[in-house]
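Novice: Structure incoming, see below.
The values are calculated or read from the model by the stated rules, or taken from the named source; none is laboratory data. Only a predicted model underlies this, so the values are computations on that prediction, with no experimental measurement involved. Every residue, glycine among them, receives a Cβ derived from its backbone with ideal geometry; neighbour counts consider all protein chains shown. Calculation scope for accessible area: heavy atoms of the full protein, side chains included, ligands and nucleic acids excluded. Shrake-Rupley method; radii C 1.70, N 1.55, O 1.52, S 1.80 Å.
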Amino acid sequence: MPITGSDLTRQTAAVLAEAIRTGEASAVEVTQAHLDRISSVDDRVHAFLYVDAEAAIDSARSVDAKRSAGEVLGPLAGVPLALKDVLTMRGVPTTCGSRMLENWRPPYDSSVVERLRAADIVILGKTNMDEFAMGSSTEHSAYGPSHNPWDLDRIPGGSGGGSAAALAAFEAPLAIGTDTGGSIRQPAAVTGTVGVKPTYGGVPRYGLVALASSLDQAGPCARTVMDTALLHSIIAGYDPRDSTSINAPVPNVVAAAAKADVRGMRIGIVAELNGEGYQAGVAQRFRESLAILEHLGAEIVEVGCPSFEYALGAYYLILPSEASSNLARFDGMRYGLRVGDDGSHSVEQVMSLTREAGFGAEVKRRIMLGTYALSSGYYDAYYGSAQKVRTLIMRDFASAFESVDVLVSPTAPTTAFKIGEKVDDPLAMYLNDIATIPVNLAGNAAMSLPVGLAPEDGLPVGFQIMAPPMADDRLYLVGAALESALYDQWGHLLIEEAPAL
Amino acid sequence: MSTAMPETIPYDEALNLFEPVFGLEVHVEMGTNSKMFCGCPTAFGGEPNTQVCPVCLGLPGSMPVVNRTAVESTIRIGLALNCTIAEWCRFARKNYFYPDMPKDYQISQYDEPLCSNGYLDVTVATAEGPKVVRVEIERVHMEEDTGKLTHTGGATGRIHGADYSLVDYNRAGIPLIEIVTKPVAGAGHLVADVAKAYVAELRDLMRALGVSDVRMEEGSLRCDVNLSLNKPGSPMGTRSETKNVNSLRSVERAVRSEVERQSALLTAGGRVVQETRHFHEDIGRSTSGRSKEQAEDYRYFPEPDLVPIAPSAVWIDELRSTLPELPSAKRSRLEAEWGITPFELATVVNAGALDLVEETIEAGVESAAARKWWTGELLRSANDQGIELADLPVTPAHIARVEALVADGSLNDKLARQVFEGVIAGEGDVDEVIASRGLAVVSDDTALLAAIDEALVAQPDVAEKIRSGKVQAAGAIVGAVMKSTRGQADAAKVRALLLERLGVTDA
Ligand SMILES: [Zn+2]
């Protein structure tokens, strides 16, 4: 899908990769163009927490050298990428948006970073996020919020708001996010970009700093469905260092994105996520998208998933429980922040002072929730019941997928809200993820792609597609078909309508 | 409790008044080459923090991967302990903050252990002969060890009051097996012996299975002893848990001292507090630790970074087929083969000499001689040094050599003991010690006859008695000859030569 104009930052990753392969542009030129863009807009967007221009140019140079040497380059070689600051990269600060890890430089690469490097993708830097991925707005980042390029007073979603904002601000054509309850899809929805949460176990978690181990999943983000598919195919696949990663062939997502065909497919609207309580423009664009899919040859049916009603409650027991344990290691003993080590405090006091100073309010809230939920005497009522709900949600999905190929819903109930609007109302913030959470609880795959602007505020609306585990390719079949029909309708990608910064 | 009351009541007296119930939790370091959840080596004694990686340091983002050999070892232990092997089980996180815990949780197993409901029969010696006691096993599971803290400064050697503490994470992530018994009641006065025999039997079992070399001095087997007392006919009493019990001798002493302490408390009308106590090897008693009333809540939940273990029946059968002859079966066989009583074998077992005696017999030594050396002279020497028999420099081959020399008359019993003294003192092997100490038996007849003549001259009245037929008087002359040859003569030979010299024959 060509994007007109010569600005390298406004091209798709696929186009840039092809230009680098053919020598039309060098990887260094492409990387420099994005670094320049970051220099000119990121003071307002604040997508990045760390940019290593020198390292980026170095890796771009090595791609150009490989090409000169006649080596065959990979499908995204030389294309720049923004990495969410929750994935380790050897020697590069990895803060998870927290003071706790302000100066921590991990001594090892995450699986995802290893695969990006092996694919010759140029990593520009690390992107902003809600602290330890807890939030839907990046307002819980210890380093200040990122801003939505569509309206700098608004949130870019979260927790992966930095990655989504980097894409929407044309600071990078590719990004990596992580999705525990919607942290890839909701930011994609509110920034007019594409994001995929792969099947749980589809992309190895080794080196992903855990929020909730049974829910976390890293995934690809881009501005087009095809770019997302290309990145997906690079980072997905079994890794023995992650026991929960799936040892099976990766679904052919690139072929599915190229096929872009929904003829004969059965698409299920989740009755429980059918627009009730959604912003009017969100519901409207959702309905229009269904009409397009029907027009393209899909059959639209409504499917009941009665247990989804309990998903949010179960999620806010499982997530804090696992998080309370995963975040215990941040105690000031081995790395990161240490407070009170002045000879007058005991080891327990140093741990306590460190955690008091190092964690933000939302992190503390969830650690306390989780500690409580796991406590003896409460475990069965809270964690135990939540796991039962989880089983019921899996059954809802399984029975729905007996009659439909994919399920769909709006990604988020509203468009981007104003920075500060919900920060003091955790429950309102949690409701953002009502449509995205069931997928994490069940371990399915899901995508959000932009389907227009809400008429009332002119902000992007996201459309969510959900597929069974290890049927990630179906997301791309449907997503690419819808994207293509919308492109034909508008004559351009939605992101082209984003205001110049 | 009145201050006039005794703090302890002697063990046997206490057990005349109360019935003991004990339980043991034994942790054994597995002898795998790599750690429980990463590829780091497990060798003991490395420079601190050199055998670590992101996983065993619990660095953010790292993930555990289960060591297959450790799972196999656990299943084999479970099978040897007659346990049921779970068809499906999970690891769990045990959450608590401590600086020796890289993740501030330990990956362990909680309500879904890999092995459960087994037993181990142990034999204890009693005045009426050996008695077999069945110790029921509650569970066997695997978990990871913590790092090792060293506290510097301060009086107690504990973390509180220390100037600073050092952490070595080499030990963090070493695979541990935890074996938990059900409460063992009815042992009466034998309670300390049963507890000790159980741990000894477990140790032998681990070694026989090859899953651990169980080096207690390196802390590779650690016990927690639970003990309670009750009046006959009354329900089980409140138990204490004594930690840090790290040798066979300590197991026995921990049980004894707790029986003595609790009985005094109860007799004085006090109550036993459910608490953790710390055993001190040096003084042989425990002191109170934290009370269980303020016990930590470990907030166990299934480890989400690992998938469940579901051993197939085929795999379990394969592992069953790798089980070696177990110590109890081996003992029955050896009793028959060596023609000895269970009591005699128990002496060998209690000395920790079973394998050594067996190897010595295989090296060609008579059963009686092999047992005599290992459970006599050599055991005394090991005890004097406070080490295990196997750690003495004496080998079965040494004993075989010495016995061969005794058989051909080159050594006698007394000299043989001196040979072992030399070997233990590090003077070399058997022949080297004989050479350097000049320990060969004087077998030269001329030299012996000269010594005999000398003795006869010195004791003419004795010589006359022998000549007149009082053969029993020969002992005095033989003794004098043995003395003058500094023991390096064969007494029987001296006697024969003497009688020949005087022209008398044995009556
Ligand atoms: Zn390691």
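Novice: Under 12 Å from the Cα of A:LYS418, which aspartates and glutamates turn up, not counting those fewer than eight places away in the same chain?
Specialist: Once the sequence-local aspartates and glutamates are set aside, what remains near A:LYS418 is A:GLU139, A:ASP151, A:ASP153, A:ASP457.
Novice: Let me ask another. Would you please name the trypsin sites (Lys or Arg not before Pro) within the stretch B:139-189 that are DSSP coil residues with at most 13 other C-beta atoms within 10 Å of their C-beta?
Specialist: Passing sites in the stretch B:139-189 are B:ARG158.
Novice: Then there is this: Compute the longest continuous run of chain A that contains no exposed GluC sites (Glu not before Pro); treat a site as exposed when its DSSP state is not H, G, I, E or B and it has at most 12 other Cβ atoms within 10 Å.
Specialist: Values: sites that count: A:GLU24, A:GLU71, A:GLU276, A:GLU456.
Longest site-free region, per DSSP loop and neighbour criteria: A:72-275.
Novice: For B:LEU166, what accessible area in Å² do you get when you roll a 1.4 Å probe over the heavy atoms of the protein chains, rounding to the nearest 10?
Specialist: Counting only protein heavy atoms, B:LEU166 exposes about 90 Å² to solvent.
Novice: So, one more: What does the structure give for A:493-501 when I average, per residue, the other chain Cβ atoms found within 10 Å of the residue Cβ?
Specialist: On the way: counts 0, 0, 0, 0, 0, 0, 0, 0, 0.
Mean shielding by partner chains, rounded to a whole number: 0.
Novice: Let me ask another. Based on DSSP H runs of at least 4 residues, each adding -39500 (n - 2.57), what is the mean residue ellipticity at 222 nm of chain A after dividing by all its residues, to the nearest 500 deg cm²/dmol? Numbers along the way, then the final one.
Specialist: Working: 16 runs with 194 residues, N = 501.
Theoretical 222 nm ellipticity from helices: -12000 deg cm²/dmol.
Novice: A further question on this structure: Nearest 0.05, what FRET efficiency do B:SER312 and B:ARG134 give at R0 = 51 Å with Cβ-Cβ as r?
Specialist: Details: r = 30 Å, r/R0 = 0.59.
According to the calculation, E is roughly 0.95.
Novice: Between B:ALA407 and B:ASN16, how many nm apart are label points set 7 Å from Cα along the C-beta direction?
Specialist: Placing both labels 7 Å beyond Cα along the Cβ direction yields 5.3 nm.
Novice: What are the trypsin sites (Lys or Arg not before Pro) within the stretch B:421-507 that DSSP puts in a loop, where the Cβ has at most 15 other Cβ atoms within 10 Å? Intermediate values should be presented prior to the final figure.
Specialist: Working: sites: B:ARG437, B:LYS465, B:ARG467, B:LYS470, B:LYS483, B:ARG486, B:LYS493, B:ARG495, B:ARG501; in loops: B:LYS470, B:ARG486.
Hits after loop and neighbour filter: B:LYS470, B:ARG486.
Novice: Now, a different point. Ranked from the most accessible area to the least, with a 1.4 Å probe and all protein chains present, what is the order of A:LEU101, A:LEU73?
Specialist: Numbers: A:LEU101 0, A:LEU73 20 Å².
Sorted descending by solvent-accessible area, the residues read A:LEU73, A:LEU101.
Novice: Between A:VAL72 and B:TRP88, take the C-beta separation as r, use R0 = 30 Å, and let me know the FRET efficiency to the nearest 0.05.
Specialist: Details: r = 46 Å, r/R0 = 1.54.
Efficiency for this residue pair is about 0.05.
Novice: Follow-up question, since we're still on this one. According to a simple spin-label model (label point 7 Å from Cα along Cα-to-Cβ), what is the distance in nm between B:ALA268 and B:GLU362?
Specialist: 5.5 nm
Novice: Let me ask something else about it. Largest first, what is the accessible-area ranking of B:CYS53, B:CYS89 with a 1.4 Å probe? Kindly include the intermediate steps, with their values, before the conclusion.
Specialist: Numbers: B:CYS53 35, B:CYS89 0 Å².
Sorted by accessible area, descending: B:CYS53, B:CYS89.
Novice: At q = 0.13, 0.17 Å⁻¹, what log₁₀ I(q)/I(0) does the stretch B:11-295 have when each alpha carbon counts as one equal point scatterer in the Debye sum?
Specialist: Reported log10 I(q)/I(0), two decimals: -0.94, -1.46.
Novice: Would you compute, from DSSP H runs of 4+ residues alone, the mean residue ellipticity of chain B at 222 nm, taking -39500 (n - 2.57) per run and dividing by the full residue count, rounded to the nearest 500?
Specialist: One gets -11500 deg cm²/dmol as the mean residue ellipticity at 222 nm.
Novice: Further, regarding this structure: Students sometimes get this wrong: rank A:VAL15, A:VAL30 by accessible area, probe 1.4 Å, all chains present, largest first. Intermediate values should be presented prior to the final figure.
Specialist: On the way: A:VAL15 50, A:VAL30 0 Å².
My answer, sorted largest first, is A:VAL15, A:VAL30.
Novice: Something else: Return a whole-number percent for the relative contact order of chain B, with Cα pairs under 8 Å and 6 or more residues apart as the contact set. Provide the component values of the computation, followed by the final result.
Specialist: Working: 912 pairs, mean separation 73.6, N = 507.
That works out to 15 percent.
Novice: Reachable aspartates and glutamates from B:LYS470, Cα under 16 Å, same-chain residues fewer than 8 places away excluded?
Specialist: Partners within reach: B:ASP461, B:GLU500, B:ASP506.
Novice: How high is the relative contact order of chain A? Use alpha-carbon pairs under 8 Å, at least six apart in sequence, and give a whole percent. Walk me through the numbers before you get to the answer.
Specialist: Details: 1243 pairs, mean separation 86.0, N = 501.
Averaging sequence separation for qualifying contacts and normalising by length gives 17 percent for chain A.
Novice: So how much accessible area does B:SER257 have, in Å² to the nearest 10, using a 1.4 Å probe?
Specialist: 20 Å²
Novice: Once a ≥ b ≥ c are taken as the square roots of the eigenvalues of the Cα gyration tensor of the stretch B:339-403, is the result rounded (a/c under 1.5), prolate (a/b larger than b/c) or oblate (a/b not larger than b/c)? Write out the running numbers ahead of the final one.
Specialist: On the way: a/c = 1.92, a/b = 1.10, b/c = 1.75.
Judged from the Cα gyration tensor, the stretch B:339-403 comes out oblate (a/c at least 1.5, b/c at or above a/b).
Novice: Tell me, what is the 1.4 Å probe accessible area of A:ASP472, in Å² to the nearest 10?
Specialist: 0 Å²
Novice: How many Cβ atoms of partner chains, on average, are near each residue of B:300-310 if near means within 10 Å of its Cβ?
Specialist: Numbers: counts 4, 12, 4, 5, 12, 10, 3, 4, 0, 0, 0.
Per-residue shielding by partner chains comes out at 5.
Novice: Quickly work out the B:ARG320-to-A:ASP43 label distance, labels modelled 7 Å from Cα along the C-beta direction, and quote it in nm with one decimal.
Specialist: Once both label points are built, they end up 7.5 nm from each other.
Novice: Which whole number gives the average count of other chain Cβ atoms within 10 Å of the Cβ atoms across peptide B:91-102?
Specialist: Values: counts 1, 0, 6, 1, 6, 1, 9, 5, 8, 1, 4, 4.
That works out to 4 on average.
Novice: Another question, if that's okay. With a cut-off of at most 16 other beta carbons within 10 Å, and DSSP calling the residue loop, which trypsin sites (Lys or Arg not before Pro) in the stretch A:236-311 qualify? Please list them. Don't skip to the answer; put the middle values down first.
Specialist: Working: sites: A:ARG241, A:LYS259, A:ARG263, A:ARG266, A:ARG285, A:ARG287; in loops: A:ARG241, A:ARG263.
Passing sites in the stretch A:236-311 are A:ARG263.
Novice: Taking all protein chains as present, what is the carbon and sulfur share of the accessible area of the protein assembly as shown, in % to the nearest whole number, probe 1.4 Å?
Specialist: Values: 20010 of 39310 Å².
Within the protein assembly as shown, the accessible surface is 51 percent carbon and sulfur.
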